[in-house]
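What follows is a single structure, written as structure tokens, with notes after it.
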Amino acid sequence: MKVAIFSTKAYDRQFLDQANHEGRHELVYFEPRLTAQTAPLAEGYDAVCAFVNDVLDEAALRTLAALGVRQITLRCAGFNNVAMDTANELGLTITRVPAYSPHSVAEHTLALYLALNRKIVQAHNRVREGNFSLEGLLGFDTHGKTIGLIGTGQIGTETARVFKGLGCELIGYDTRENPACLEMGLRYVELNTLFQTADIISLHCPLLPATHHIINAEAIAQMKDGVVILNTSRGGLIDAQAVIAGLKAEKIGLLGLDVYEEEEALFFEDRSASIMKDDVFARLTTFSNVLVTGHQAFFTSDALSKIATTTMDNLDAFAAGGPCANAVAK
Ligand code: NAD
């Protein structure tokens, strides 16, 4: 099939070309994000391949369908950026990579947490400047603390395993219980109980209407003083203004973010020479107890390799006319 691949970087090309054995699909790479404005680039293509911040809204989908595109394959697990009602109405097949490496995201969650707690970034900067003072670098033991996981699917489970290894008590909130988590000793609780009990809260549920701003002012008010909040799932799970208020009130002790609600305008590009126009994001990065990475939790060679092979499998399955195991349910 002829496939238009959007939002591509050199690393995408490297892994997708490797996975495209015998050049069975004609892959054409486009750097721009896929939006209603860039969708016309897909003229003459059978399928498009999109990434996490591409905007597959009604207008973009209608343009793609009118151009003859029949499959949209996502190089990510989440599909909150796709207007599924419109996709279904237009008969577009949406496929995704439901599981590539839950370890990559769980391990990045741990990296954010430990760097925050043990002030690794500040310590590194000090030592480079010949400042060996320990003032302000005080952390706390993770052993014996309670971590509350919101969402206990693949990534939540691996994060639970990692924190169990550090000696944490595990509690979780999910719409369904996961036997693997129960086996690890995780105790399912109501959401309010999780907010009130957890020392560390880590988000691993999808962004849905039900989970939008699940961390809001009301939730933060219930949390323990000094709570640690980690979000490596989707930015829209957190009301950033409420979190800023929680940080200013010293209610939130540490905040680790790999995602941000308005990240489309910022992430995945070098913007170091431009003026930061997002005041909320700018404020977040001024706190010494906040660590932000730019949606890189998935970014390991193992994960990119799996994303590329599954993407090729999704294209193969659609081209063969068979059912696509990774199609988003209609
Ligand atoms: P998953 O489908 O295996 O798990 C999601 C869990 O959330 C499921 O157990 C589901 O029951 C639960 N859930 C659904 N609705 C809920 C609700 N209202 N309240 C609480 N829990 C609810 O998905 P996963 O592979 O573990 O991925 C989780 C999320 O991580 C994805 O949706 C995606 O947004 C994010 N993600 C981020 C990165 C990154 O690089 N930062 C990479 C991959 C995935």
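A compact table of results
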| quantity | calculated |
| --- | --- |
| Within the chain: Cβ-based charge dipole about Cα centre, in debye rounded to nearest 20 (Lys, Arg +1; Asp, Glu -1) | 440 debye |
| Environment charge of Met223, counting only residues whose C-beta is closer than 11 Å and scoring Lys/Arg +1, Asp/Glu -1 | -1 |
| Pairwise label distance in nanometres, Leu134 with Glu218, each label 7 Å out on the Cα-Cβ vector | 4.4 nm |
| Scaled radius of gyration (Cα, divided by 2.2 N^0.38 Å) that the chain gives | 1.05 |
| Shape category assigned to the range 70-203 from the gyration tensor of Cα positions, a/c cut at 1.5 | oblate |
| Top positive-direction residue, dipole computed over the chain with Cβ charges, set Tyr29, Thr193, Ala50 | Thr193 |
| Backbone N within the range 75-115 under 19 Å of label point (7 Å from Ala319 Cα along the Cβ vector) | 75, 93-97 |
| Fraction of accessible area attributable to carbon and sulfur, the chain (%, probe 1.4 Å) | 52 percent |
| Rg over Rh [alpha-carbon atoms, Kirkwood Rh] for the range 223-330 | 1.12 |
| Folded to 0 to 90 degrees: helix 102-117 orientation relative to the chain principal axis, Cα | 30 degrees |
| Order of exposure, largest accessible area first, which applies to His108, His124 with probe 1.4 Å | His124, His108 |
| Area projected by the alpha carbon convex hull of the range 157-229, averaged over all directions, nm² | 4.9 nm² |
| Positive-end residue, the range 102-292 charge dipole about Cα centroid, Cβ charges, pick of Ala111, Gly256, Gln122 | Gln122 |
| Mean Cβ neighbour count within 10 Å, used as a protection proxy, ranking 13-22, 243-252 highest first | 243-252, 13-22 |
| Links that overshoot a 28 Å alpha carbon limit, given the list Lys9/Lys164; Lys9/Lys251; Lys145/Lys251; Lys119/Lys251 | Lys9/Lys164; Lys9/Lys251 |
| Surface per residue (accessible, 1.4 Å probe) for the chain, Å² | 47 Å² |
| Principal axis dimensions, the range 43-105 - Cα atoms, whole angstrom, descending | 39, 22, 17 |
| Between 0 and 90°, nearest 10: helix 10-19 axis offset from the chain longest Cα axis | 60 degrees |
| Gain in span if fully extended, Val28 to Leu67, counting 0.36 nm per residue against the direct Cα distance | 12.4 nm |
| Equivalent ellipsoid semi-axes - Cα gyration tensor, the range 102-292, angstrom | 26, 21, 16 |
| Solvent accessible area, Å² - Val28, 1.4 Å probe, full protein context | 40 Å² |
| On Cα atoms only, tilt of 154-165 relative to the major axis of the chain in degrees | 30 degrees |
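The values are calculated or read from the model by the stated rules, or taken from the named source; none is laboratory data. Only a predicted model underlies this, so the values are computations on that prediction, with no experimental measurement involved. Please note: Cβ atoms are built from the backbone with ideal geometry, for glycine as well, and neighbour counts cover all protein chains shown. Calculation scope for accessible area: heavy atoms of the full protein, side chains included, ligands and nucleic acids excluded. Shrake-Rupley method; radii C 1.70, N 1.55, O 1.52, S 1.80 Å.
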